[in-house]
Amino acid sequence: MERVGIYNRCSTEEESQKNALASQVMESREIAERKGWEIAEQYIESETGTVAYKRGEYQRLLMDMERDRFDIVMIKSIDRLMRSAKDWYLFLNRLTENRLRLYIYIEGKFYTPDDNLISGIKAILAEDFSRELSKKIKNAHRRRQDKKSGCNITCEMFGWNKVAKDSYEINEKEAEYYRTAFLLAGEGKGFYAISNTLYELGARGRQGQKISQSQWRKMLYTPRAHGTMVLNKRTYNFDLKKYEEVPRQEWVIMENALPPIVSKEYQEQVLSVLRKRAEHSPVRRTKDRRDRAEGRKKETGEPCGKYELSGKLKCACCERYYYRVGGRGERDVYWKCAGFLEGGRERGCKNPSLMEAEVMEALEEAFEKEYYGVLFESREEHEKILEALMEVLKEELFPKRDQKEEKRLEREHHKLSAKKDVLMEKLLSSVIEDGEFQKYNDEITQKMKALEDRLKDMRTEHEPYNNYETRIRQIKEAVEEEKLIKRAMTRELLGHVRQITVHSDGRLLILMDHKEPCMLWAQYLHRTNSQKRRETDREIILQRLQKEPELRLKELAEQMKKSVSYVSGRVRELKEEGRLAYIRQGHGGRWEVYHT
C-alpha cells in the first residue's frame, strides 16, 4: 500500500477560510481513501503562501520528504502549496531528489516532467496574483488614510476601547494611569521610576503584565495621547518579504482620530520637561570630555576615554558615538547611541543598543580568526600581551569591594542600633512591659548579628591572599583558562582599533589602526535571558528524549516542571530545525534525535 502525505492550506484565518480549510481537509482524505492510499501524515496550515520559511507545517513537510515518511505528496492545487515561482522550483527539486510523486487532486493526475512548463507558468501567475492583491489592499488602505475616512487600527491601545469600526472611547481606568504617568514625568521622574510607581498603583497591560519603561516612553511621546494618529510609517515590501520604513514626508497624520486623554498643550509641556532632562543625560555630560580626549589622542596618539570601547563605537545610521550606560551587574552594561539617548526610538536613532559583554564576545571571535595566530610573533607584542594578561588576573584574583552594598548594610545596622536605643527609652519610661521589651530586643539583636556576619564575610572575601602557594596556584589556574588569554589579547588588539561602526542588522565594521589600515567584520548577536533559557531547555529536551525515546510530552513536561504548552513549543522548534522527529509505530511512536 502506497503512503501519502497530504498538505492542506488556506490563505487567512478568517472564519470563511477556516470553513473552507475544514472542507479541503475532509475532501483530500476521502480522495486518498478512495485510491487505497495509507495516510501517513496530514499537514494543515492556515498561513499565507507567499513566505515559505514562515510556514511551520510546510517546513515539516519538507523535512519529512527526506525521511521516507511517504511515497506521494498530495495537494489541491499549486497555489495552495505556494505562491512563489522560486519556491515552486525548489520544491520540485526536493521532490525529484527524494524520488517522490506529486498528486494534484483538483486536476486528478500526477505531476510529470512534461508539466514543468505549464506548472511553472501557474506558479508565476499565482505569485503575480498575490502581488496584485497586495497592491490593491495597500492602495485601498492608503486611500482610506489619505481621505482620513478610517484609522484601521488592528491592535489594542492602552487607554482606549474599540466600540465599532473606526470608533473608540476612553477606558477611564487605564486613562487615569496614563494621566498619572504624564504627571510623574512633569515632576521630573524617569521612565524606570514611572513604570515601577504605576505598577505598584495597579497599572497593568491588557494581558495582565507590567508595562515596561520603554512602553511608557512610547506612550508619553506618541501624539495619540492628544488624539492624533500618525499612519503609514512603514510598509510591507512584497518582493523582500519584510516591512520597510516610510519617509517622514509620506506619513499620514489624522488629527482628532481618537478622543484625547490629555490636551496637546499639556503633552507638549511635559515633553519639554523630558527634553530638558535629556540634556543632562550621560551624553551631554561627557560630550566635552570626549572632545578633549579626542584632541589629546590626535596630539599624543594615546587611547582616549575611560573604558576600552570609549570613542570607538560609532552609529552607521546617524554617525554619532555610542555611550556606556551602567547596569546592576557586569552583563547589564550597555552601549547606546547618542541619538537614541537624546530622542528615543521615535525621535532619535533606531540603531540597536549593545550589551558590552556580547560586543567583546563578537570582537574576540573576529580577532581570533584574523590575528590570534600571529599575535605572538613579535617580542614587543608578547610583552604587551603579558602586561594586559596581568591586568586581567588582577581583576579576577583581587576583585573590588562592593562598597555600595557595604554602606547599605552599615546604614541598616545603624538604624537597628537606633531602634534599640528607642526601645530602651520606652522601657525606662514604662511605656512597654519587660516581656514586650525582651521580645523586640531579641528580634533587633538577631537582625544586627546577621548584618554583622554579612559585613564580616564581605570584608574577608575581598582581603588579598597572604599565602604564597595559594596565590601561585590561583594564578596558574587562571592563566590556564583560555577565556582569560583571549580577553587579554582582545584588550591589546582594541588598542589598535580606530573605529567600530555599528550597523542596524548587528554587523560591526572594525577599522584597525595599522600602518596600512585594514577592516574586518564581526557579527553582534544579542540573546535575551528568556532566549537563553529556551536554548537550555531545548538541549535538556534532546538529552531526555534520546535516553527515553518513547517518553510522552506530558511526562516530559512533568519531569522538567514546565507547562505542556511550553514544552510543546520547544519540541516544535526542534522539529522545524530538523533536530528532532517523531516516528509513528502502530498506535504509538518513538522520538529520534538528530545531531546537526
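Tell me whether region 568-576 contains one or more residues that are over 11 Å from Ile541 (Cα atoms) and basic (Lys, Arg).
Scanning region 568-576, I find at least one residue that is over 11 Å from Ile541 (Cα atoms) and basic (Lys, Arg), so the answer is yes.
If only one of Leu551, Leu508, Leu542 is in contact (Cβ under 8 Å) with a residue 40 or more places away in the chain, in contact with a Phe, Trp or Tyr (Cβ under 6 Å, 6 or more places away or on another chain) and surrounded by 15 or more Cβ atoms within 10 Å (Cβ to Cβ), which one is it?
Only one candidate passes the filter, namely Leu508.
Would it be correct to say that Arg533 is loosely packed, with under 14 Cβ neighbours inside 10 Å, at pLDDT below 85, in contact with an Asp or Glu (Cβ under 9 Å, 6 or more places away or on another chain) and not assigned by TED's automatic domain parsing to the domain that holds Asp505?
no
Pairs only if they're at least six apart or on different chains, beta carbon under 7 angstrom, first in region 317-331 and within 11 Å of Ala357 (Cβ to Cβ), second at pLDDT below 85; list them, first residue then second.
Gly327/Val333; Glu330/Ala357; Arg331/Ala357
Identify the single condition in (1) modelled with pLDDT of 85 or more; (2) within 28 Å of the chain's Cα centre (by Cα); (3) acidic (Asp, Glu); (4) within 18 Å of Leu61 (Cα to Cα) that Glu577 does not satisfy, given that it satisfies every other one.
(1)
Could you look through region 174-189, keep only residues that are at pLDDT below 90 and surrounded by fewer than 15 Cβ atoms within 10 Å (Cβ to Cβ), and pick out the one that is nearest to the chain's Cα centre (by Cα)?
The residue in question is Gly188.
Would you confirm whether or not region 38-54 contains a residue that is at pLDDT 65 or above and not in a strand (DSSP E or B)?
There is no residue in region 38-54 that is at pLDDT 65 or above and not in a strand (DSSP E or B).
Residues that are at pLDDT 85 or above, within 19 Å of Ile106 (Cβ to Cβ), of a type in the set (D, E, K, R) and in a helix (DSSP H, G or I): does region 72-80 have at least one?
no
The values are calculated or read from the model by the stated rules, or taken from the named source; none is laboratory data. Because the structure is predicted, anything quoted here is derived from the model rather than measured. We place every Cβ from the backbone using ideal geometry, glycine too, and count neighbours over all the protein chains shown.
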